[in-house]
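S.K.: Let me give you the structure first, and then I'll get to my questions.
The values are calculated or read from the model by the stated rules, or taken from the named source; none is laboratory data. This is a predicted model, so every value here is computed, not measured. A quick note on method: Cβ atoms are made from the backbone with ideal geometry, for glycine too, and the neighbour counts reach across all protein chains shown.
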Amino acid sequence: MREKIINWLKDNVSEHRLQHILGVEKMCEDLAIHHKIDQKKAAQAGLMHDLAKFFPPPKLLKMAKKEYNEIDPVCLSNPHLLHADVSAMVARDTFNVTDDDILNAIRNHTLGNPEMSDLSCIVFIADALEPNRGNTSELEKMREISFKNLYKSVQKTCEYSLQYLIKNNKTIHPRAILTRNWALHKVRNT
């Protein structure tokens, strides 16, 4: 199945994006082994997390509207945020993935979700921190945290993303803030 997915990705994403996806897959696997989570599920979710990344906005909107009764206003005005949900649809419909843990991890990789599973946390973290994202001291520190505490890593990943969005005057989806607050609460209560 991995080879089939990679061949599909070669036809649907750039070479640069493919390298990112392979980096996410590897980091998911490494984090899963370290945190004693199913590494095959983690690797598969990592490999499939960006299936719809290069779908044009009208296609993302059309597919999402077909699947969901309602699309929130932030996603309507920023359809690229729907690529996570649509990637889960492609995983289900094109590759026959039926495992809800994997599908939810794909769905949650961009904005996160309060109460997300450890598998979802791993894919969320790996998407932001895989080695192709760079080697700044801040990213290296965040990678260290990812092997120590998944919730602290989700919190720091959210904060890193929120700072980027604010600095670049980008819209912030409320779910990103809810995810950060959920992770912070988990850190404080564990």
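S.K.: Taking the options T98, T190, name whichever one is surrounded by fewer than 13 Cβ atoms within 10 Å (Cβ to Cβ), modelled with pLDDT of 95 or more and not in a helix (DSSP H, G or I). Steps first, answer last, please.
M.R.: Values: T190 fails: modelled with pLDDT of 95 or more.
Going through T98, T190 in turn, just one is surrounded by fewer than 13 Cβ atoms within 10 Å (Cβ to Cβ), modelled with pLDDT of 95 or more and not in a helix (DSSP H, G or I): T98.
S.K.: Could you grab the pairs with beta carbons closer than 7 Å, sequence gap of 6+ or different chains, first residue in segment 148-171 and farther than 23 Å from M116 by Cα and among the β-branched types (V, I, T), second one at pLDDT 95 or above and surrounded by 15 or more Cβ atoms within 10 Å (Cβ to Cβ)?
M.R.: Pairs found: none.
S.K.: Using the structure shown, decide if F124 is closer than 19 Å to K40 by Cα, among the aromatic types (F, W, Y) and in contact (Cβ under 8 Å) with a residue 60 or more places away in the chain.
M.R.: So F124 does not fit the description; no.
S.K.: Inspect segment 78-94 for any residue being surrounded by fewer than 16 Cβ atoms within 10 Å (Cβ to Cβ), without any contact (Cβ under 8 Å) to a residue 60 or more places away in the chain and either among the charged types (D, E, K, R) or not in a helix (DSSP H, G or I) (or both) and give the result as yes or no.
M.R.: Yes: segment 78-94 contains one or more residues that are surrounded by fewer than 16 Cβ atoms within 10 Å (Cβ to Cβ), without any contact (Cβ under 8 Å) to a residue 60 or more places away in the chain and either among the charged types (D, E, K, R) or not in a helix (DSSP H, G or I) (or both).
S.K.: Would it be correct to say that D11 is in a helix (DSSP H, G or I), in contact with a helix residue (DSSP H, G or I) (Cβ under 7 Å, 6 or more places away or on another chain) and either more than 30 Å from L184 (Cβ to Cβ) or not β-branched (V, I, T) (or both)?
M.R.: Values: in a helix (DSSP H, G or I): yes; in contact with a helix residue (DSSP H, G or I) (Cβ under 7 Å, 6 or more places away or on another chain): no; either more than 30 Å from L184 (Cβ to Cβ) or not β-branched (V, I, T) (or both): yes.
Criteria not met by D11.
S.K.: When both residues are 6+ apart or on different chains and their Cβ atoms are under 6 Å apart, which pairs have a first residue that lies in segment 1-27 and is in contact (Cβ under 8 Å) with a residue 40 or more places away in the chain and of a type outside the set (D, E), and a second that is buried (at least 18 other Cβ atoms within 10 Å of the Cβ) and part of a helix (DSSP H, G or I)?
M.R.: Taking only residues 6 or more apart or on different chains, the pairs are I5/L47; V24/G46; V24/A126; V24/D127; M27/A126.
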